[in-house]
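Q: Please read through the structure below; I'll follow up with questions.
What follows is calculated from the coordinates using simple rules that are stated; it is not laboratory data. Just so it is clear, the structure is predicted and the values come from calculations on it, not from any experiment. Cβ sites come from the backbone with ideal geometry, for glycine too, and all protein chains shown count toward neighbours.
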Amino acid sequence: MKKPHRDTIFVEQAEIIEHIAYAGEQYVMRVKAPQIASHAKPGSFAHITCHPMQPMRRPISIMRVDRDHGWVDFLYKAIGHGTKLLATREAGEQLSIMGPIGNPFKIDLSRPRALLIGGGVGMPPMVFLAETLKSLLGSKPFAILGSEVPFPFTSRPSTIMVPGMPAGVIAAMPLLEDWAIPSRLTSLQGYAGCHEGYVTDLARHYLEALSEEQRKEVIIYSCGPHPMLAAVAKLARDYDLPCQVSLEEFMACAVGGCAGCVVEVKTDNGPVMKRVCVDGPVFNAQQVF
């Protein structure tokens with residue numbers, strides 16, 4: 001039987017267009033990769049050869065694409081040998097990039113109040129999804145983004161009102177603000193304008209401010225570290241909301257061959273092991289938490 005991910009993954013020699021460093025060893029890299037840009041969907045990722053001296057690729061989520069101009073944006077944190085080598089690469093250099101990989105978020109247009117929750121390097125899929133939802137829905141998604149290192153952008157006070165926000169919680173992501181998509185930021189580091197707490201704390205404020213009928217229109221999409229996703233899954237259970245999560249996992253091949261990224265997934269026939277790379281990275285939250 002033909003696998004659904006066959007013939008949809010490309011390998012491109014991608015030129016780095018720009019590579020911008022932010023505090024906390026975070027980087028945004030834009031590359032010219034027309035085939036990947038053309039086929040990527042929110043939740044997709046790419047497997048990148050970080051440096052000629054490091055043959056094993058690294059999986060990095062896709063943050064934005066421009067299908068007309070053929071570029072792809074990645075946000076990543078330099079935390080290991082491979083990504084630290086990637087951080088040394090400069091505009092004009094070329095990288096071997098394989099992608100797009102993975103099952104993306106399944107957009108449910110019957111739930112127009114999309115709540116996007118991203119933490120750390122789980123923010124990029126939320127940006128991609130927010131831009132996609134904006135083009136599909138009459139109403140705008142609401143994004144809650146959290147970080148315990150400085151955000152990889154300069155936040156600014158939001159001009160978009162959001163129900164349930166505590167006084168003083170006004171910091172927003174400028175890119176989303178420019179798209180007229182409401183966002184709010186959370187952290188335990190005392191950053192100005194941010195909610196002092198977890199992303200799920202702020203999400204509860206928002207959900208409690210909605211009417212029962214409005215809550216029936218909510219769906220949660222999320223990406224971030226495992227403990228955060230477990231808390232998001234609990235939040236969704238508490239309010240009986242559908243929830244999709246994009247898992248972060250170490251990967252070797254990223255195309256389903258090595259089975260090194262398997263997780264247990266609950267099904268009607270009992271638990272099964274699924275590969276995060278090609279069976280995910282997006283799963284129903286209640287099936288994995």
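Q: Using the Karplus curve 6.51 cos²θ - 1.76 cosθ + 1.60 with θ = phi - 60°, work out ³J(HN,Hα) for each residue of the stretch 89-101 in order, rounded to whole Hz, and write x for Gly and Pro.
A: The phi angles translate into 6, 10, 4, x, 6, 10, 10, 8, 10, 10, x, x, 10 Hz.
Q: From the phi of every residue in the stretch 196-201, what ³J(HN,Hα) in whole Hz does the Karplus formula 6.51 cos²θ - 1.76 cosθ + 1.60 yield, where θ is phi - 60° and glycine or proline is x?
A: 7, x, 8, 4, 5, 4
Q: From the backbone phi of the stretch 42-58, what are the Karplus-calculated ³J(HN,Hα) couplings (6.51 cos²θ - 1.76 cosθ + 1.60, θ = phi - 60°) in whole Hz, Gly and Pro given as x?
A: Those phi angles translate into x, x, 5, 9, 10, 10, 10, 7, 6, 6, x, 7, 10, x, 6, 6, 10 Hz.
Q: For a quick size check, give me the Cα extents of the stretch 113-247 along its three principal axes, largest first, whole Å.
A: For the stretch 113-247, the Cα spread along each principal axis is 34, 32, 28 Å.
Q: Please compute the modelled spin-label separation between Arg215 and Glu148, points set 7 Å along Cα→Cβ, answer in nm with one decimal.
A: 2.9 nm
Q: Would you mind checking the tilt of helix 123-136 against the longest principal axis of the Cα atoms of the chain, expressed as 0 to 90 degrees and rounded to 10?
A: Relative to the chain, helix 123-136 is tipped by roughly 70 degrees.
Q: Take the Cα coordinates of the chain, assign each an equal point scatterer, and use the Debye formula without solvent to give log10 I(q)/I(0) at q = 0.07, 0.08, 0.10, 0.16 Å⁻¹.
A: Rounded to two decimals, the profile gives -0.24, -0.32, -0.51, -1.33.
Q: Would you mind pulling out the separation of the Cα centroids of the stretch 182-255 and the stretch 66-101, in Å?
A: 27 Å
Q: Then there's this: For Arg156 and Arg237 in one chain, what is 0.36 nm times their gap in residues minus the Cα-Cα distance, to one decimal in nm?
A: 25.9 nm is the gain from fully extending Arg156 to Arg237.
Q: For the stretch 1-96, what value does the Rg/Rh ratio take when both radii are computed over Cα atoms and Rh is the Kirkwood radius, given to two decimals?
A: Reported Rg/Rh, Kirkwood definition of Rh: 0.97.
Q: I've got another one for you. Hey, fewest Cβ within 10 Å first, where do Cys194, Cys277, Cys258 land in order?
A: Ascending Cβ contact count within 10 Å gives the list Cys258, Cys194, Cys277.
Q: Follow-up. Which value at 222 nm does the chain reach when only helices count, each DSSP H run of 4 or more adding -39,500 (n - 2.57), with the total divided by all residues and rounded to the nearest 500 deg cm²/dmol?
A: Counting only the DSSP helices, I get -6000 deg cm²/dmol.
Q: Given an 8 Å cut-off on Cα distances and at least 6 residues of separation, report the relative contact order of the chain as a percent.
A: Numbers: 673 pairs, mean separation 48.3, N = 289.
With pairs under 8 Å counted, the relative contact order is 17 percent.
Q: What do you get for the angle between helix 226-238 and the principal long axis of the chain? Use alpha-carbon atoms, 0 to 90 degrees, nearest ten.
A: 40 degrees
Q: Also, quick follow-up: What is the magnitude of the charge dipole of the stretch 10-101 about its Cα centre, with +1 placed on the Cβ of each Lys and Arg, -1 on the Cβ of each Asp and Glu, and no other charges, expressed in debye to the nearest 20?
A: Details: 10 positive and 9 negative charges, 62 e Å.
Dipole magnitude for the stretch 10-101 comes out near 300 debye.
Q: Ok, one more. Hey, fewest Cβ within 10 Å first, where do Tyr76, Tyr239 land in order?
A: Details: Tyr76 24, Tyr239 17.
Sorted ascending by nearby Cβ count, the order is Tyr239, Tyr76.
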